[in-house]
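The values are calculated or read from the model by the stated rules, or taken from the named source; none is laboratory data. Bear in mind the structure is a predicted one, so any value in this text is a computation, not a measurement. Cβ sites come from the backbone with ideal geometry, for glycine too, and all protein chains shown count toward neighbours.
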Amino acid sequence: MFKQLNLDKESSQPLYMQLVDQIIRLIEESKIQKGFKLPPVRKLAEFLDVNTATVASAYRFLESNGYVYTRVGSGTYVADQSKKSREIIDKLKLLDQGQLVVTPGMINFASATPAPDLFPVEDFKNIINEVLDRDGGLAFSYQESKGFRPLRESISDFLKLYGIKTSPDDIQVISGGQQGIDILSKAMLRYGDCVFVESPTYNGAIAAFKSRGANIIGIPLRRDGIDLDVLQDRLRSKRPAFIYVMPGFQNPTGYCYSEENKIKLLELAKKYDTYILEDDYLNDLDYSDQGIRPIKSYDDGGYVIYLKSFSKIFMPGLRLAFLSLPQKLSGEVIAAKHITDISTAGLTQRAFDLFLRKGLWKKNLEYIKKIYRSQMMYVCEKLKLIKEIQFEKPRGGLYLWLQLPEGYSSVVFYSICLRNNLLIAPGSLFYPDYNDDTHFRLSFASLSREEINRGIDMLGESIKELTGESENKIMPLI
Ligand SMILES: Cc1ncc(COP(=O)(O)O)c(C=O)c1O
């Protein structure tokens, strides 16, 4: 094994990380296998002509990431790799499926759930009372599966603000954006069908498409939208059931499509006769006030399924969203909605209808935009102090897409952060097969200034651990 190790003292990569990389390569290429005993720290340090702390740090890093394990008094051994990758994937899946327990004191940079003190509780209380006085028990009966008719009318009016012309008959009320993706998958996908997605993309959508046995094909995402050349190339050989995109403050990158990209994407959908599923989960949070024009507003041929959720900009617990559908999909979608939960809660629909009609929607949006805008500025200023991280400030939204120094893995960084009581969303989460990535997503939606300060300090420390510059962590094992 010694002969295959060679450290470059002139390199800018820390020596211990070079050793980590080389040992991982030996493990991955099966040159050393499960149960293989690594050389004692002192012996390897002598051979490599480095400090024992360098080798000890490398072994410690490999151990904390599951590549090796230590037997006290005996030595360090290569671990069972299938178990190791399973452990990391299992940890990621817990995060992915919302099951990762956020322990007290943990700083949660992964969640984009708005802070509860931003919810318009007083206004909503008055509205609920008004609905109950007006409708009595009717507010608690089953609703039409398509949605409460007056709400569909007010949504159709509200959509005019976004340049979308749609009839109340083409609106489908749903219990949250995730349900929209799920019922569309039920209505439109058969086992083995193909769906095109941006790469990276929203993990909840990946899960819904996978649950229908769909074949998910990632199309690279550029700063100004989906890569149209690659898309066209793929469309020539495969016709997807739909192309799933988020043109405004894309999750996870925060990128926005240019108008040109949106128009060309729509032209391609027409040319290859497929649908675009446009997920507007955040368009309204535009701090530049330029506004995001939905692709749906350009669509005069029924190629765009428009999905709008109110979770991130209103109250996620209401579970309220809607679809504006091309007419010919309406029947299949109602059937899928009926199978799923018959109808969205009537009280919620009636209350939201009044909320829109009274214009309280706009007042609330202006309020949260002001708060989030200053929160975004604050986080970006603090992050600039961590020189190892690269990012661009988006013009809106709740996410920052941060890049680690080249060659470092977001999954390894995720496990270091987790140990330090910090939750981030590693880039791997946003690819169908958890491909590794050097990016991670950070959200500031639910954190106080004090938590942001503490969290960013911890983030800086975790980066130092990752890149081997931390003074605390370098402790010889022997
Ligand atoms: C892009 C995207 N679409 C849909 C959803 C689901 O939202 P909802 O809470 O309305 O189900 C989310 C939630 O994070 C999201 O990020």
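At-a-glance table
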{"quantity": "Residue in the range 177-190 that is touching a residue at least 40 places away in the same chain (Cβ under 8 Å), in contact with a Phe, Trp or Tyr (Cβ under 6 Å, 6 or more places away or on another chain) and not in a helix (DSSP H, G or I) present", "calculated": "no"}
{"quantity": "Residue within the range 442-460 that is of a type in the set (Phe, Trp, Tyr) and either in the same structural domain as Pro220 (by TED's automatic domain parsing) or modelled with pLDDT under 85 (or both) present", "calculated": "no"}
{"quantity": "Which listed residue, of Ile174, Ile183, Ile206, is in contact with a Pro (Cβ under 7 Å, 6 or more places away or on another chain), within 16 Å of the ligand (Cβ to nearest atom) and among the β-branched types (Val, Ile, Thr)", "calculated": "Ile206"}
{"quantity": "Any hit, the range 221-240, residues being within 16 Å of the ligand (Cβ to nearest atom), part of a strand (DSSP E or B) and over 17 Å from the mean Cα position of the chain (by Cα)", "calculated": "no"}
{"quantity": "The range 380-400: number of residues that are touching a strand residue (DSSP E or B) at 6+ places or on another chain (Cβ under 8 Å), farther than 17 Å from Asp286 by Cβ and buried (at least 16 other Cβ atoms within 10 Å of the Cβ)", "calculated": "3"}
{"quantity": "Which listed residue, of Lys393, Lys382, Lys370, is touching a helix residue (DSSP H, G or I) at 6+ places or on another chain (Cβ under 6 Å) and under 18 Å from Ser288 (Cβ atoms)", "calculated": "Lys393"}
{"quantity": "Meets criteria (among the polar types (S, T, N, Q), within 28 Å of Leu429 (Cβ to Cβ) and modelled with pLDDT of 95 or more) for Ser258", "calculated": "yes"}
{"quantity": "Hey, Lys186 modelled with pLDDT of 95 or more, of a type outside the set (S, T, N, Q) and surrounded by fewer than 20 Cβ atoms within 10 Å (Cβ to Cβ) or not", "calculated": "yes"}
{"quantity": "Listing of helices (runs of 4 or more DSSP H) fully contained in the range 278-383 that carry 2 or more residues being at pLDDT 95 or above, away from the ligand (no atom under 16 Å from the Cβ) and within 19 Å of Gln178 (Cα to Cα)", "calculated": "330-341"}
{"quantity": "Near pairs, Cβ below 9 angstrom, 6+ apart or cross-chain, from the range 305-316 (under 8 Å from Asp279 (Cα atoms) and without any contact (Cβ under 8 Å) to a residue 40 or more places away in the chain) to any residue that is assigned to a loop (DSSP other than H, G, I, E, B) and near the ligand (Cβ under 7 Å from one of its atoms)", "calculated": "none"}
